[in-house]
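The structure appears below as structure tokens.
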Amino acid sequence: MNVISLRAFNDNYIWLIGNGRQAAVIDPGDAAPVSAALAERNLELVAILITHHHQDHTGGVRELLAAWPEASLYAPAGERLPAPGATALADGDSVALPGLALELQVLSVPGHTLGHIAYYGNGMLFCGDTLFSGGCGRLFEGTPEQMHHSLGRLAALPDDTRVYCAHEYTQANLAFCHAVEPDNPALLNYMKEVAKLRQQDVPTLPSSIGREKAVNVFLRTAEPAVRATAQLQAMEELNEDCQVFAALRRWKDHF
């Protein structure tokens, strides 16, 4: 089973999971790169999985279903469904893809949107716009408390979990992390690695949960250095990790 990144728009990634015969895609905002990849690899589309309702994650769904009407569509129960006939998913549900010999668990991760979900299984996490390498999603609908809790759920997954985010934001995110925690050696090493990858136009993803815990300040709100910088920026004492997170998210919104 292979996981392939398909580029869409300016910086989106659509993830295609294939086994040489069948395939599933996650968050197809654009049908064209998916259709091209399926044709090139002679794959049958058997499933479409959606993490949240934003158009850059759902815009290609109807066109793909028109071409592959037998494909199953899965989407979050707490948000408007992208097409009729979708299976609505909530926290604790699972998605079985028999042709791919893959079962994914559904995690509720509100914050970026209220109904956002992630898919986890076989050492892989497809987290949409909740967790990015070096960052997290903007709070368009949810609260800092919700997003902080959601990120904590993801950070509790095994360190070797591969993290398939939906955008190539890594380099810009790491610049912010460096402003918050400039003396973090793991971050400095990762910044060099990412710079080389981007110079070659190579994706920085997938990341891993272990790596993100080492470099991503939004997962490091309990670290004294991160808290100290957040307090200076906020110009107030921050007594709780969630308050540190909220201050960092506000700062990142205008960084």
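Worth pointing out:
- Checking 63, 44, 70 one by one, the residue that is under 20 Å from residue 2 (Cβ atoms) and over 22 Å from the mean Cα position of the chain (by Cα) is 44 and no other.
- Any hit, segment 140-156, residues being part of a strand (DSSP E or B), out of contact with any His (no Cβ under 6 Å at 6 or more places or on another chain) and buried (at least 23 other Cβ atoms within 10 Å of the Cβ): no
- Identity of the residue in segment 23-49, among the charged types (D, E, K, R) and in a loop (DSSP other than H, G, I, E, B), that ends up surrounded by the most Cβ atoms within 10 Å (Cβ to Cβ): 27
- Number of positions in segment 91-114 that are over 14 Å from residue 27 (Cβ atoms) and touching a Gly at 6+ places or on another chain (Cβ under 7 Å): 7
- Scanning segment 45-76 for residues that are touching a Gly at 6+ places or on another chain (Cβ under 8 Å) and charged (D, E, K, R) yields a count of 1.
- None of 107, 114, 97 is aliphatic (A, V, I, L, M), closer than 17 Å to residue 46 by Cα and either surrounded by 14 or more Cβ atoms within 10 Å (Cβ to Cβ) or in the same structural domain as residue 146 (by TED's automatic domain parsing) (or both) except 97.
- Within the set 132, 126, the sole residue that is under 19 Å from residue 230 (Cβ atoms), under 12 Å from the mean Cα position of the chain (by Cα) and not assigned by TED's automatic domain parsing to the domain that holds residue 53 turns out to be 132.
- The sole residue among 197, 205, 188, 248 that is assigned to a helix (DSSP H, G or I), buried (at least 18 other Cβ atoms within 10 Å of the Cβ) and not aromatic (Phe, Trp, Tyr) is 248.
The values are calculated or read from the model by the stated rules, or taken from the named source; none is laboratory data. All of these numbers come straight from a predicted model, not from anything done at the bench. FYI the Cβ positions are ideal-geometry reconstructions off the backbone, even for glycines, and counts take in every protein chain you see.
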